Structure formats: C-alpha cells, structure tokens
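J.: Below you will find the structure I want to go over with you.
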Amino acid sequence: MTGGIAHFGAEAADAAALALLRDGVVGLQALWPARQIDALRASLRKAIPGVFDLKAPLPEDVWVVGANRINGLVPIAGRMSGCMDLLQHPALLSLLDEVLDDDWVYESFGVISSFPGSDIQKLHSDSPHLFEDGDLARTLPPFALTISIPLVDVGDENGCTEFLPGTQREVRAPASAEGTVWRSVPRGDCMVWDYRIRHRGQPNNGNVPRPMFYATACRRFWQDSTNFVPDARKLVLSRDALAMIPEDRLKHFARAKPMPGVRSAVMTVNRLVRWYAPGFHRAMRRLARRPETAL
Ligand SMILES: O=C(O)CCC(=O)C(=O)O
C-alpha cells in the first residue's frame, strides 16, 4: 500500500522518532533542495560511473544485493564531499539522538543502485536481533538504523522499498509479505528504518537506474558484521570532509577511515615485507638504524 508510512517535516523530528519506534520505519520530508540532490547525483556519476552503468567501473567493495542491484562504498572526498550535508542535517541528527541516545556513531556510507530489470528482493532485515528471545525482541530499543536518501524520485515505476511495520519487534520471520507498505520518495526526502524491520526493494520497471545513498547509524557497542567482512572499509572520509564537522558532532564520525594516501601505502608495504620477508625486513631496519659514518 502506498502512503502507509508516517512522514514528517524537518520541524517534527521528535514526532518522527516516536513513529520510528512504533512502526520501525519513518519518512523525513524535504530536508534538502532537489537541486542539491541533483548536483550530488551528477558528482557521483563522475566519481563512480558504475552506479549508473553496470559496464562502467563499479564502486569499491561492491556486492550484489539481488539481480541488477548493487551496493558499494562511496568515499566522502573530493567531489563527493557534499555528502557531509546529508549526514549532518539537523533534523536527521535530532532523530538519531532521540532514537539511539546521543552517543551513537555512523557505521557506513555507500550507495545501492537498482538497475532496470532488477527483481523484487527477498523480504529481509538488515541484521538479526541481538537475542533470539522473543520477549526481549519485543522490548529492546533499536541498536542500528538505515538511512536511505534516493538520488532520483522514487515511485511505483522504478521501485520503492516496502516494509512490514512492527516486524522489528518479531524474532520469527513473517509467514508472508502480506500487508507491506511503501511510499514514493521524492528527491530531498529520506527514509529511516530500524535494522530489524522486514523489508525489500521493489523491482525497477523503469528504464534508468535508481541509485540511493544509504548510511548506517548505530549505538557504539554494535557494529555491522552481517553485511561487512571484519575490517571492511565502510565509512571513508577525507581530511577536508572531516574538517566540515563541528567539534560537538565529531564523536558520531569516530569510525571513519581516512582516504588511502602515501602514509597508508608505505605502512601496507612495510607490513607485507615484515610478514612475507622478515629477514629482509630486519636487515632493512638494521640499515636504517646504523649510525652515519663520517666521510
Ligand atoms: O533497493 C531497495 O529499495 C532496498 C535495498 C535493501 O533493502 C537492501 O539491499 O538491503
């Protein structure tokens, strides 16, 4: 059913938080002007063409999340630095403070692109419950949220994300997808959902790709080991992007990894030599330590 998801303007983050806790999903309306989203889409097309064309270079760390649907990392750097405006919208931050209790962190930032011909996804949650106990599942608050920010207007033709409200409190998978709800999401809106809620992406029956940024925000004790291998690069920020964050909000970006640079390249080579050629590594260290001989 379209229209079955509560949605709120930027001034109503508190009401949005209550709806999210109740239903497991909520929409936030008109947070960014459509032209800002268009500019980010144009930048993304240049930075990672594979988000728009499966034959072009794909995002880094890409994985397939259904037929013709991919998910990949988007480093927030250079022409993509504007993504910081998305992650720092005051209404979004208030909602996250309210639902995850101030001390939360961003865990990942990337893009999901659904290409024409993509199938409907299987009903799934983004992570299993923390405990298999049904009573606990009914009472525990969310530990992680997905934020999705479409880069094109999303509707019935190119495929909405549909949800089974309330299933964030159920350990058992529902017997069927009957009763799912969804909503058209224009550019500038975002959707926020509890990691535990059952949901699925609809098929893209249009003729252009449907990219959407996603971010994960979570409580500090948790990390996403369902969708990422240990040590994966999930959230990458350049120094310039980090400099855009006010001091009191830096804590939310504590897990960001830096863009690879000369320093990290040297450290990687150093580590490889130490592991695979320890004798050579020791000799090089001795050489580096040897006092200079007078000429
Ligand atoms: O493409 C969508 O609408 C949702 C994607 C999704 O839920 C996923 O890949 O886990």
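The values are calculated or read from the model by the stated rules, or taken from the named source; none is laboratory data. Keep in mind the model is a prediction, meaning the values are calculated, not measured. Don't worry about glycine lacking a Cβ; one is built from the backbone with ideal geometry, like all the others, and counts go over all protein chains shown. Side chains are part of the model used for accessible areas, which takes the heavy atoms of the whole protein and leaves out ligands, DNA and RNA. Shrake-Rupley method; radii C 1.70, N 1.55, O 1.52, S 1.80 Å.
J.: Hey, rough spin-label estimate for residue 153 and residue 269, points 7 angstrom out along Cα→Cβ, what's it come to in nanometres?
T.: 5.2 nm
J.: Mind giving me the FRET efficiency for residue 45 and residue 259? R0 is 22 Å, r the Cβ-Cβ distance, nearest 0.05 is fine.
T.: It comes out at approximately 0.65.
J.: Right, another one. With angles folded into 0 to 90 degrees, how steeply does helix 34-47 sit against the dominant principal axis of the chain? Use alpha carbons for both and round to 10.
T.: 40 degrees
J.: Using every pair of alpha-carbon atoms in region 7-259, split the distances into 5 Å bins beginning at 0 and state the percent of pairs per bin, rounded to integers.
T.: 1, 6, 14, 19, 21, 19, 13, 6, 2, 0
J.: Rounded to the nearest 10 Å², what accessible area does residue 132 have for a 1.4 Å probe in the complete protein model?
T.: Here the residue's solvent-accessible area equals roughly 130 Å².
J.: Using per-residue counts of other Cβ atoms within 10 Å, averaged over each peptide, order 42-48, 255-261 from highest down.
T.: 42-48, 255-261
J.: Can you pull the percent of region 1-88's accessible area that's carbon plus sulfur, 1.4 Å probe, other chains left in place?
T.: That share works out to 56 percent.
J.: Compute the angle between helix 13-23 and the longest alpha-carbon principal axis of the chain, please, reported from 0 to 90 degrees and rounded to the nearest 10.
T.: The angle comes out at about 80 degrees.
J.: How would 182, 193 rank on accessible area, largest to smallest, probe 1.4 Å?
T.: From most accessible down to least: 182, 193.
J.: So what is the relative contact order of region 7-259, in percent, for Cα pairs below 8 Å that sit 6 or more residues apart?
T.: 28 percent
J.: Output wanted: per-residue J couplings in Hz (rounded whole) for region 120-132, from phi through Karplus 6.51 cos²θ - 1.76 cosθ + 1.60, θ = phi - 60°, x for Gly and Pro.
T.: 5, 6, 5, 4, 8, 10, 6, 7, x, 5, 5, 10, 7
J.: Further question on the same structure: If you take the Cα atoms of region 4-87, find Rg, then find the Kirkwood Rh from the mean of 1/r over all pairs, what is Rg/Rh?
T.: That ratio is 1.06, to two decimals.
J.: Something else now. Could you give the accessible area per residue of the chain, probe 1.4 Å, as a whole number in Å²?
T.: Each residue of the chain exposes 51 Å² on average to a 1.4 Å probe.
J.: Would you mind checking the tilt of helix 90-100 against the longest principal axis of the Cα atoms of the chain, expressed as 0 to 90 degrees and rounded to 10?
T.: Helix 90-100 sits at roughly 90 degrees to that axis.
J.: Here's something else I'd like to know. Under a Cβ-Cβ cut-off of 11 Å, what is the net charge of the residues other than residue 273 that fall near it, where Lys and Arg count +1 and Asp and Glu count -1?
T.: +4
J.: At 1.4 Å probe size, with the rest of the protein present, what percent of the exposed accessible area of region 124-213 is carbon and sulfur atoms?
T.: 51 percent
J.: Quote the accessible area belonging to residue 139 in square angstrom, nearest 10, computed with a 1.4 Å probe and with ligands, DNA and RNA left uncounted.
T.: Approximately 100 Å² of residue 139 is accessible to the 1.4 Å probe.
J.: Using a 1.4 Å probe and counting only protein heavy atoms, arrange 210, 263 so the residue with the most accessible area comes first.
T.: Numbers: 210 5, 263 180 Å².
Result of the area sort, largest leading: 263, 210.
J.: From the protein chains alone at 1.4 Å, what is the descending order of accessible area for 170, 162, largest first? Please list the in-between numbers first.
T.: Details: 170 75, 162 10 Å².
Listed by decreasing accessible area, they come as 170, 162.
J.: Give the percent of DSSP beta bridges with both residues in the chain that are antiparallel, rounded to the nearest 5. Could you put the intermediate results ahead of the total?
T.: On the way: 39 of 45 bridges.
About 85 percent, rounded to the nearest 5.
J.: Calculate, in nm to one decimal, what residue 94 and residue 29 gain on full extension: separation in residues at 0.36 nm each, minus their alpha carbon distance.
T.: Extra length available between residue 94 and residue 29 comes to 22.0 nm.
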